[in-house]
Amino acid sequence: MNPQPTQSACPSCRQPAWVNPGYPVPCPRCGTQIFAAQPQTYAPPQAAQPQAWAPQQAWPPPQGAQSSPQAAQPQAWGTQQAAQPQAWGTPQAAQPQGWAPQQAASPSPAPSPQAAPPAQPKVSIKVGGFSVPIGAATARSPLKIVGIAVLAAAIGIAGFFVKSKFTTKKGTVSYASLGADASKPLADDLYQAPGKDAQKWKRDAMFWSLNFHAVRMDGTIDLGKPAVVEYVSPGNSASSSKKTRSDSLRRYTANDKGLATSSWGWNEPVKDLRPHGTPKCTIKQLLAKLSAEGVVKTPTVRVMFDPKFADFYAWTLYIDGAPKPLSFSWENCAPIK
């Protein structure tokens, strides 16, 4: 895999330039050698795995001591059976003295209740995540079983397709929740849209940087190329705790479902971070101007803003055929030389 170029700044005049790791290039402004910049972000440490707990073994009884009697096993609790009532029949009449006993009429035997037919066993099959109950008659029919299995499998496949098509993965913010167009999101909307979600992450979160590799001349982003937005927490960035700083940056990476989130941090405390101003020259306005002037002749350009590589607020564009990246002011879209 070829090493990816990184943007570095000239140590003498701070002129930004793209440098491959291990291959320094001369500064286009002053000629000083520029080396690839080392990444400053810090990946959050992995949480320690908790150790499993095992119960302690009981102490063995002393020698010579009689073993304790076994504890009485608790009886299972259930509904007490009601006492069975005795069968009721015709009482025999009292026999008067001096008279011949009359033979009491024997009661006719009560008809014995007919035994209820045995319940038909129920059988269920589970195919494609669905449990389908079938009766005994159906269970004895191979053709019906095959038909139900095929139907359940079709329903399972359809449900999986719908779920994967219209739901987002955990840790991904959907375009619908951001109010952004999922088909052709505007670059100006996409970097501002995560603001509310970022403030749920950290109350002091603010926009930090963006890197859109393919922005069309109408200001929309081609999601087939990388598109990244970062928000920063000034409070966490200034903390002396490395663990706190490990969650200082919240990165949003665009994909076809939404913006996937990840956490990053600084190796050293970064203080005095302040919110950026609102650009008067939007990305859409700048690209329309450059396209009309013939400066940009390609379908898309790369647009970037990163305070680490800029001494001023400007959009940095990487245009095919240009000897170096071009910067344009946030204030009036004027080129900065």
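Only the coordinates and a few stated rules stand behind these numbers; no lab work does. This one's a predicted model, so the numbers in the text were calculated from it and none came from an experiment. With ideal geometry, Cβ positions are generated from the backbone for all residues, glycine too; neighbour counts draw on all protein chains shown.
What residue, of Ser263, Ser327, is part of a strand (DSSP E or B), surrounded by 14 or more Cβ atoms within 10 Å (Cβ to Cβ) and touching an Asp or Glu at 6+ places or on another chain (Cβ under 9 Å)?
Working: Ser327 fails: touching an Asp or Glu at 6+ places or on another chain (Cβ under 9 Å).
The unique qualifying residue is Ser263.
Take the residues in the stretch 178-198 that are in a helix (DSSP H, G or I) and within 18 Å of the chain's Cα centre (by Cα), then tell me which one is nearest to Gly219 (Cα to Cα).
Leu178
Tell me, which residue of the stretch 286-305 that is within 14 Å of Asp188 (Cα to Cα) and either without any contact (Cβ under 8 Å) to a residue 60 or more places away in the chain or over 36 Å from the mean Cα position of the chain (by Cα) (or both) is surrounded by the fewest Cβ atoms within 10 Å (Cβ to Cβ)?
Looking at the filtered set, the residue picked out is Ala288.
Going through the stretch 290-324 one residue at a time, which ones are basic (Lys, Arg) and not in a strand (DSSP E or B)? Before the answer, list the steps.
Initial filter on the stretch 290-324 (basic (Lys, Arg)): 297, 302, 308, 324.
Across the stretch 290-324, the qualifying residues are Lys297, Lys308, Lys324.
Testing Ala314 on (1) surrounded by fewer than 14 Cβ atoms within 10 Å (Cβ to Cβ); (2) without any contact (Cβ under 8 Å) to a residue 24 or more places away in the chain, one condition comes back false. Which one is that?
(1)
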